[in-house]
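Readers should treat all values here as calculations from the given coordinates under stated rules, not as data from a laboratory. The model shown is predicted, which means the values in this text are computed figures rather than measured ones. Here the Cβ is made from the backbone with ideal geometry for all residues, glycine too, and neighbour counts use every protein chain on show.
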Amino acid sequence: KSLTVGLIPADGIGREVIPSAKDAIIAVKVRAAGTQIHRPPCWMGNIHADGICPSPRYCPVGPTVFHKFRVFHAALYRTLKEECDCALFGSVSSPSRKVAGYSSPIVALRKELDLYANIRPVFSVAGTGAEAPRTRPADLIVVRENTECLVRIHTRHCFSVQQTRLYSTLKRRTSSKPKKEKEARATRLITERASSRIGKIAFELAKARPRKLLTIIHKSNVLSVTDGLFRESVRAVPALSNGKFDDVTIEEQLVDSAVYRLFREPEIFDVMVAPNLYGDIISDAAAALVGSLGVIPSINAGDDFVMGEPVHGSAPDIAGKGIANPVASIRSAALMLRHLGYASPADKIDKAVNDTLAPAKLLTPDLGGTASTTEVTEHIMGLIKEQ
Ligand code: NAI
Ligand code: MG
């Protein structure tokens with residue numbers, strides 16, 4: 001049986017670090033059912049300098065090509081669903097303003113493939129010196145709901161009704177028009193179904209860890225309707241699971257104080273489950289505890305498909321310099337393989353990464369070193385091959 005991995009480097013440093021993840025998968029020689037992989041991972045989604053999409057297997061994504069081609073992502077979804085067992089996504093730059101018709105391909109991919117669980121392990125590697133000064137070791141997993149939360153955004157020009165009414169006397173006297181103001185609204189969607197299924201994944205992960213502790217992150221003191229539903233739905237999971245999770249301890253923490261406590265005492269957390277936006281923020285924040293966003297992997301998991309993805313973005317400040325840390329992507333490949341049941345190849349990759357980080361001799365600049373992406377990648381590949 002072959003394992004076909006769709007590779008979608010997208011843009012920015014995604015194009016520099018996804019090749020490292022691909023090398024790691026090839027280096028561990030994934031064996032499926034005792035047979036060596038015979039089809040090399042396919043290479044898709046590379047944005048060509050000329051913006052040309054040579055075949056349906058190459059599906060460019062991101063704003064760079066959107067303006068030229070108004071590319072639909074349908075071909076990419078189809079290829080992933082029909083031809084691949086899993087995928088690795090790099091990073092994509094998003095315009096900070098609304099661009100008509102454009103939506104982020106990573107957000108669309110998560111929705112289209114129903115990759116509802118974003119699993120982000122954050123842990124310190126002893127001896128790296130990569131941790132932020134004065135922080136205590138962290139070993140936790142952020143489980144982020146991946147398909148809902150702030151979903152629809154409306155903008156419009158409107159007259160402030162309240163202001164018009166309040167100042168009506170003044171208005172009549174001065175005969176000035178009410179000020180035209182901009183207003184933006186976002187709709188927040190939280191469903192019982194999505195909260196329960198992410199809750200179940202979080203309970204499974206907590207159960208498999210030594211401490212068996214799950215902390216539900218929410219803000220239901222203020223957002224009592226939406227976050228209240230999230231909290232209740234996650235809390236209801238054990239009762240619906242025939243005692244399977246009776247050994248898991250459940251705690252709760254409001255999202256703002258969770259961030260505070262994460263920095264002061266990261267050891268109090270084991271598995272944290274959160275709605276989409278909080279999960280995104282918490283996992284970036286947690287990255288500071290272990291030295292860099294460049295080492296934090298993730299998978300986007302659904303019932304039928306899994307996609308590895310470094311937590312970081314396209315890092316325009318360092319893109320093209322050859323100094324991006326490839327560890328997050330390489331670890332994402334390992335996490336994805338582990339999720340698919342290939343524990344031994346995943347262990348090999350993780351060991352090679354940790355053995356590279358721990359001596360703190362060969363580190364990229366984000367971790368205080370001077371090594372390049374290529375040097376770190378080659379070192380890790382060498383250690384994989386030695387095992
Ligand atoms: P970012 O994660 O790209 O960068 C934040 C900081 O971390 C930067 O200083 C960057 O140099 C550093 N950094 C990140 N990854 C690194 C690595 N592998 N090695 C060394 N240093 C690393 O976040 P930022 O700057 O907020 O966003 C940049 C762009 O990325 C935006 O357009 C944003 O929309 C997009 N983005 C895309 C994501 C995705 O594709 N899933 C996720 C997050 C952001
Ligand atoms: Mg983020």
Discussion item. Among the listed pairs 111/385; 212/348; 321/361; 111/200; 207/385, which have their C-alpha atoms separated by more than 29 angstrom in this model?
Written reply: 111/385; 207/385
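Using Cα-Cα distances under 8 Å and only pairs 6 or more residues apart, what relative contact order does region 213-314 have, in percent?
Values: 114 pairs, mean separation 28.7, N = 102.
Relative contact order for region 213-314 comes out at 28 percent.
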Worksheet, complete the sentence: Going from the fewest other Cβ atoms within 10 Å to the most, one would list 245, 89 as 245, 89
Discussion item. To make sure I understand, if each residue's beta carbon is the centre and we count other beta carbons within 10 Å, what order do 329, 344 fall in, fewest to most?
Written reply: 344, 329
Item to complete: Any chance you could run the full-extension gain for residue 111 through residue 263? It's 0.36 nm times the residue separation minus the Cα-Cα distance, nm to one decimal.
Response: 51.6 nm
Item to complete: Taking amide H positions as placed in the peptide plane 1.01 Å from N, state which residues far from residue 306 in sequence (5 or more) or on other chains have amide H under 5 Å from it.
Response: 87
Worksheet, complete the sentence: Surrounding charge for residue 248, neighbours by C-beta under 12 angstrom, Lys/Arg +1, Asp/Glu -1, total +2
Worksheet item: Amide H to amide H, which residues 5 or more places from residue 189 or on other chains are under 5 Å from it, using H placed in the peptide plane?
Response: 149, 150, 151
Worksheet entry | Sequence-distant residues sharing a close amide H with residue 215 (under 5 Å, placed H) | 251, 270, 271, 272, 273
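Give the order of 141, 380, 281 when sorted by the count of other beta carbons within 10 angstrom, beginning with the fewest.
Arranged by neighbour count, lowest to highest, 141, 380, 281 become 281, 141, 380.
What are the equivalent ellipsoid semi-axes of region 208-278, built from the alpha-carbon gyration tensor (square roots of five times its eigenvalues), in whole angstrom, biggest first?
20, 18, 8
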Worksheet item: Excluding same-chain residues fewer than 8 positions from residue 244, which aspartates and glutamates have a Cα within less than 12 Å of its Cα?
Response: 204
Fill in: Summed residue charge, Cβ within 12 Å of residue 362's Cβ, Lys/Arg positive, Asp/Glu negative
-2
Item to complete: Calculate, in nm to one decimal, what residue 189 and residue 303 gain on full extension: separation in residues at 0.36 nm each, minus their alpha carbon distance.
Response: 38.9 nm
Worksheet, complete the sentence: Checked region 187-335 with the C-alpha gyration tensor, a ≥ b ≥ c its square-rooted eigenvalues, rounded below a/c of 1.5, otherwise prolate if a/b is larger than b/c and oblate if not; verdict prolate
Item to complete: Evaluate E = 1/(1 + (r/R0)^6) for residue 343 and residue 180, where r is the Cβ-Cβ distance and R0 equals 56 Å; express this FRET efficiency to the nearest 0.05.
Response: 0.40
Worksheet item: Considering only the other residues whose Cβ falls under 13 Å of the Cβ of residue 142, what net charge follows from Lys and Arg at +1 and Asp and Glu at -1?
Response: -3
